[in-house]
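Worksheet for the structure shown next.
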Amino acid sequence: MVFEPDAVPTGHEEFLEWYSRQTKWSEDHGYDNPAISTPHLQAWYQDMVQMFPSINKPVSLDDRVGDEESSTDYAIGRDFIYASFAWSKSEAAYMTVARLAEKHRLGLFNASSTGEEVWVPGDGRMVLAHDKGPPTFAGRIKSFLNFD
């Protein structure tokens, strides 16, 4: 998922809650039209579909280029674009997503990562904003005692 950095919470747990709300697909529009997104997201999308064509409209199935495994399912929100890739293309796709997120000054969340890393633009490069990280000693005690 790429996102507008100013549109998301800065804490990890709050970010994951935001992410969960976004992936309920409850915005009042369809999720296949890049025109509803911000200019940075639209530009990222236009670059992405050159290498990973959309299986959705507005790029029709007849207009796609490249091999079928490169076809990508994009869910487009106002402040984010969620992209699903064929497993066989996951490494190339991730590198392309990250490079273009940096180019267009967008945040990046690898939803498939066990570390739950959230990257944001900073000083001309992507920087790790937060991640799951190892639990602290206090966090382990809290979990053990089942405190919330």
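The values are calculated or read from the model by the stated rules, or taken from the named source; none is laboratory data. This is a predicted model, so every value here is computed, not measured. Cβ placement follows ideal geometry from the backbone for every residue including glycine, while neighbour counts extend to all protein chains displayed.
Filtering segment 75-114 down to residues that are of a type in the set (Val, Ile, Thr) and within 23 Å of LEU128 (Cα to Cα), which residue is modelled with the lowest pLDDT? First the steps, then the outcome.
The first filter runs over segment 75-114 and keeps only residues of a type in the set (Val, Ile, Thr), leaving 76, 81, 96-97, 114.
Checking which are within 23 Å of LEU128 (Cα to Cα) leaves us with 81, 96-97, 114.
Working: ILE81: 97, THR96: 96, VAL97: 96, THR114: 87.
That would be THR114.
Residues SER112, SER90: which one is more than 22 Å from GLY30 (Cα to Cα) and not in a loop (DSSP other than H, G, I, E, B)? I'd like the intermediate steps shown before the answer.
Values: SER112 fails: not in a loop (DSSP other than H, G, I, E, B).
None of the others qualify; the one that does is SER90.
State yes or no: is SER143 of a type in the set (Gly, Ala, Ser), at pLDDT below 85, farther than 16 Å from GLY11 by Cβ and loosely packed, with under 12 Cβ neighbours inside 10 Å? It would help to see each step written out before you state the result.
Working: of a type in the set (Gly, Ala, Ser): yes; at pLDDT below 85: yes; farther than 16 Å from GLY11 by Cβ: yes; loosely packed, with under 12 Cβ neighbours inside 10 Å: yes.
When the stated conditions are applied, SER143 passes them.
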message: Residue pairs, Cβ under 6 Å, 6 or more apart or interchain, first in segment 34-61 and over 18 Å from GLU102 (Cβ atoms), second assigned to a helix (DSSP H, G or I) and at pLDDT 95 or above. List them.
response: PRO34/GLN42; PRO34/TYR45
Pairs where the first residue, in segment 2-15, is surrounded by fewer than 13 Cβ atoms within 10 Å (Cβ to Cβ) and the second is part of a loop (DSSP other than H, G, I, E, B), C-beta under 9 Å, 6+ apart: ASP6/ASP79; GLU14/VAL8
task: For residues that are of a type in the set (Gly, Ala, Ser) and part of a helix (DSSP H, G or I), scanning just segment 27-74, find the one that is modelled with the lowest pLDDT.
output: SER70
